[in-house]
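Chemist: Here's a structure for you.
The values are calculated or read from the model by the stated rules, or taken from the named source; none is laboratory data. Note that the structure is a prediction, hence the values are computed from the model and not measured. For neighbour counting, all protein chains shown are included, and Cβ atoms are generated from backbone atoms with ideal geometry for every residue, glycine included.
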Amino acid sequence: MAEQLNLFRTIWSSRYALRAVLALKIKGVDYQTVFEDLKNKSASLLHYNPIHKKVPVLLHSGQPICDSLVILEYIDDSMRSGGSLLSSLNTPTTEPWLGFGPSSEMKRLCHHCICGVSSFLKEKCRRKLLAWMSNFSDDPVIKECWPPRDEMVEKYVAVGEAQLSA
Ligand SMILES: N[C@@H](CCC(=O)N[C@@H](CS)C(=O)NCC(=O)O)C(=O)O
């Protein structure tokens, strides 16, 4: 992938942006980070993602790529070495989670939640899912990008309480 790669993202709170961060790190691609405050979005973010106005946006030599899964596909297509990001996500075990809501990395972050949900899965499928999560979270690249646990707990407790009181 050529130079001039910028990733618009939040510090840690966007799981979608984290997808793109992990993909770039796993592929060993150098990029510049542009941190966004989602309560006060920059003119650049609004310019490059005028419809949805969301992070992540990957800017490659001035060309914006929006939406985390599209970014993964783009990185996959541009960086042929090191295996496919999407095919590793797209196993029968993990594929349903892509459409479910929590992105693959969030499966690990919400481990206790997933364990609860996974009780609906067949035993073999659950074991595969948990083994996959364990492998994933042991990866040094993933560990390096891990969001701060305390802040994350604080955030998701607040989100949970807000939803319960709605
Ligand atoms: N489908 C999008 C979702 C991206 C998304 O929802 N980003 C959130 C942060 S987690 C955002 O930028 N929200 C700002 C807003 O809704 O105004 C993707 O996969 O990239």
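Chemist: Can you tell me which residue in segment 1-12 is farthest from Ser61 (Cα to Cα), limited to those that are outside any loop (DSSP other than H, G, I, E, B) and within 13 Å of the ligand (Cβ to nearest atom)?
Modeler: Arg9
Chemist: Those residues that are among the hydrophobic types (A, V, I, L, M, F, W, C) and at pLDDT below 90, I need them from segment 1-21; list them, please. Spell out the reasoning first.
Modeler: Step one: of segment 1-21, the residues among the hydrophobic types (A, V, I, L, M, F, W, C) are 1-2, 5, 7-8, 11-12, 17-18, 20-21.
Within segment 1-21, Met1, Ala2, Ile11, Trp12 meet the criteria.
Chemist: Additional query: State all residues of segment 70-82 that are crowded, with 16+ Cβ neighbours inside 10 Å and near the ligand (Cβ under 10 Å from one of its atoms); if no residue qualifies, say none. Before you say what the answer is, go through the steps one by one.
Modeler: Here is the first cut: in segment 70-82, the residues crowded, with 16+ Cβ neighbours inside 10 Å are 71-76, 79.
Residues satisfying the conditions are Ile71, Leu72.
Chemist: Pull out all pairs, ordered by first then second residue, where Cβ-Cβ is under 6 Å, the residues are six or more apart or on different chains, the first lies in segment 43-55 and is in a loop (DSSP other than H, G, I, E, B), and the second is among the acidic types (Asp, Glu).
Modeler: Val55/Glu36
Chemist: Can you pull out every residue in segment 48-71 that is at pLDDT 95 or above, out of contact with any helix residue (DSSP H, G or I) (no Cβ under 9 Å at 6 or more places or on another chain) and either under 14 Å from Asn6 (Cα atoms) or polar (S, T, N, Q) (or both)?
Modeler: Scanning segment 48-71 gives Tyr48, Asn49.
Chemist: Let me ask something else. Whether any residue in segment 13-29 is assigned to a loop (DSSP other than H, G, I, E, B), of a type in the set (Lys, Arg) and either within 14 Å of the ligand (Cβ to nearest atom) or buried (at least 21 other Cβ atoms within 10 Å of the Cβ) (or both) is what I want to check.
Modeler: no
Chemist: Does segment 36-57 hold any residues that are within 13 Å of the ligand (Cβ to nearest atom), surrounded by 13 or more Cβ atoms within 10 Å (Cβ to Cβ) and either of a type in the set (Ser, Thr, Tyr) or on the phi < 0 side of the Ramachandran plot (or both), and which are they?
Modeler: Answer for segment 36-57, where residues must be within 13 Å of the ligand (Cβ to nearest atom), surrounded by 13 or more Cβ atoms within 10 Å (Cβ to Cβ) and either of a type in the set (Ser, Thr, Tyr) or on the phi < 0 side of the Ramachandran plot (or both): Glu36, Lys41, Ser42, Leu45, Tyr48, Asn49, Lys54, Val55, Pro56, Val57.
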